[in-house]
1. What pairs can you find where one residue is in the range 228-250 and under 15 Å from LEU89 (Cα atoms), the other is of a type in the set (Ser, Thr, Tyr) and not in a helix (DSSP H, G or I), and their Cβ atoms are less than 7 Å apart, with a gap of 6+ or different chains?
2. Tell me yes or no: at least one residue of the range 229-252 is among the basic types (Lys, Arg), more than 24 Å from PHE171 (Cα to Cα) and at pLDDT below 90.
3. Can you list residue pairs whose Cβ atoms sit under 8 Å apart, with the first residue in the range 23-49 being within 19 Å of THR264 (Cα to Cα) and the second being at pLDDT 85 or above and not charged (D, E, K, R)? Count only pairs 6 or more apart in sequence or on different chains.
4. In this structure, does VAL283 turn out to be among the hydrophobic types (A, V, I, L, M, F, W, C), surrounded by fewer than 12 Cβ atoms within 10 Å (Cβ to Cβ) and either modelled with pLDDT under 80 or assigned to a helix (DSSP H, G or I) (or both)?
5. Does the range 177-194 contain at least one residue that is over 30 Å from ALA269 (Cβ atoms), buried (at least 19 other Cβ atoms within 10 Å of the Cβ), touching a residue at least 60 places away in the same chain (Cβ under 8 Å) and out of contact with any Ser or Thr (no Cβ under 8 Å at 6 or more places or on another chain)?
6. In the range 174-198, what count of residues is obtained for those that are outside any helix (DSSP H, G or I) and at negative phi?
7. Give the range 110-159 a look and list any residue that's surrounded by 16 or more Cβ atoms within 10 Å (Cβ to Cβ) and either touching a Cys at 6+ places or on another chain (Cβ under 8 Å) or within 28 Å of LYS182 (Cβ to Cβ) (or both), or say none.
8. Checking ALA289 against (1) at pLDDT 70 or above; (2) within 15 Å of the chain's Cα centre (by Cα), which test does it fail?
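The values are calculated or read from the model by the stated rules, or taken from the named source; none is laboratory data. Quick caveat, the model's predicted, so the values are computed rather than measured. As a convention, Cβ positions derive from the backbone with ideal geometry for all residues, glycine included, and neighbour counts pool all protein chains shown.
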Amino acid sequence: MRGGLRMVGEAVSVARAGAGWMPRESFWLRLEVLGAWLLALVWLAPLIYAFWAAFHPPAYAIRFELFAPLTLENFAEAWSQAPFARYYLNTFLLVSSILAAQFVLCTLAAYAFARFEFFGRDVAFALVLVQLMIMPEVLIVENYRTMTLLGTVDTILGIGLPYMASAFGIFLLRQTFKTVPKELEEAARIEGCSFLQVLTKVYVPLAKPTYVAYGLVSVSYHWNNFLWPLVITNSVETRPLTVGLAIFGAPESGVDWSIITAGTLLAVAPLLIAFLLFQRQFVQSFMHAGIK
């Protein structure tokens, strides 16, 4: 009896497969894949248009012809119309100084919150987490007033100073440090290591994937940050790429989409190239950080 039912079930499965019948789980999986591809195309559409307009003459910026001529003159024209070399230097100095300060400050704060017992530790950490709930735009007026008192308006230091202590970085590193076995710290202390030596020789090496993941988030955010640099800077000597590109593409200076898209690609090129070259390392760093 059971053998007959099994044979009937197998026959029904074969018939369904031959008729193109698809299980419900497979149908939803394919639907999710299709939706993911559609979202990817929507996300890539502006970038694809930017590449098209930047590498074609202005007459073909909105004419999508298969054999349209290619050109690099748009990049040369964009480079000559704006001081992109200075903008690159300002942006590099900005993101580098912010990242270096964040690594030092977030590491020390996270180590204190993770391994030291002191009065008010939980309250202080809760206050740090409150910063995650406050949008940076809400603090623009107060930050500008503070930078004015410090005399850092229209300086690279003034752009980066409000971001050098990151609540997200402190939280991320604290969670990573708490996963490090205390036996490793005790062994290092027996060997004569001080608290700072334990931090630099035990905790920091084990948290390398977290540092890489956080560094990627920090660099990409501050490379693309626009509103605060626009408010705090007034001169070419301090403007980063985002502000310089906004002024370069202002409507009052004329709208030439080929040149504007060429300038946009010049601004985002370092991040795109870095992602394409180190995509595997990027993904692995986020995976390790997430697992920890």
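1. THR238/THR155; ARG239/THR233; VAL243/THR233
2. Taking the range 229-252 as the starting set, the residues that turn out to be among the basic types (Lys, Arg) are 239.
Still in the list and also more than 24 Å from PHE171 (Cα to Cα): 239.
Checking which are at pLDDT below 90 leaves us with none.
Within the range 229-252 (the criterion being among the basic types (Lys, Arg), more than 24 Å from PHE171 (Cα to Cα) and at pLDDT below 90), the answer is no, since none of the residues qualifies.
3. From residues that are within 19 Å of THR264 (Cα to Cα), the pairs are TYR49/THR261.
4. On the way: among the hydrophobic types (A, V, I, L, M, F, W, C): yes; surrounded by fewer than 12 Cβ atoms within 10 Å (Cβ to Cβ): yes; either modelled with pLDDT under 80 or assigned to a helix (DSSP H, G or I) (or both): yes.
It is true that VAL283 is among the hydrophobic types (A, V, I, L, M, F, W, C), surrounded by fewer than 12 Cβ atoms within 10 Å (Cβ to Cβ) and either modelled with pLDDT under 80 or assigned to a helix (DSSP H, G or I) (or both).
5. As a first pass, look at the range 177-194 and keep what is over 30 Å from ALA269 (Cβ atoms): 177-194.
Cutting the leftovers down to buried (at least 19 other Cβ atoms within 10 Å of the Cβ) gives us 177.
Narrowing further to those that are touching a residue at least 60 places away in the same chain (Cβ under 8 Å): 177.
Remaining after also requiring out of contact with any Ser or Thr (no Cβ under 8 Å at 6 or more places or on another chain): 177.
So far as the range 177-194 goes, yes, one or more of its residues are over 30 Å from ALA269 (Cβ atoms), buried (at least 19 other Cβ atoms within 10 Å of the Cβ), touching a residue at least 60 places away in the same chain (Cβ under 8 Å) and out of contact with any Ser or Thr (no Cβ under 8 Å at 6 or more places or on another chain).
6. As a first pass, look at the range 174-198 and keep what is outside any helix (DSSP H, G or I): 179-181, 191-194.
Now drop any that are not at negative phi, which leaves 179-181, 191, 193-194.
Of the residues in the range 174-198, 6 are outside any helix (DSSP H, G or I) and at negative phi.
7. Selection gives ALA110, TYR111, ALA112, PHE113, ALA114, ARG115, PHE125, VAL128.
8. Condition (1) is where ALA289 drops out.
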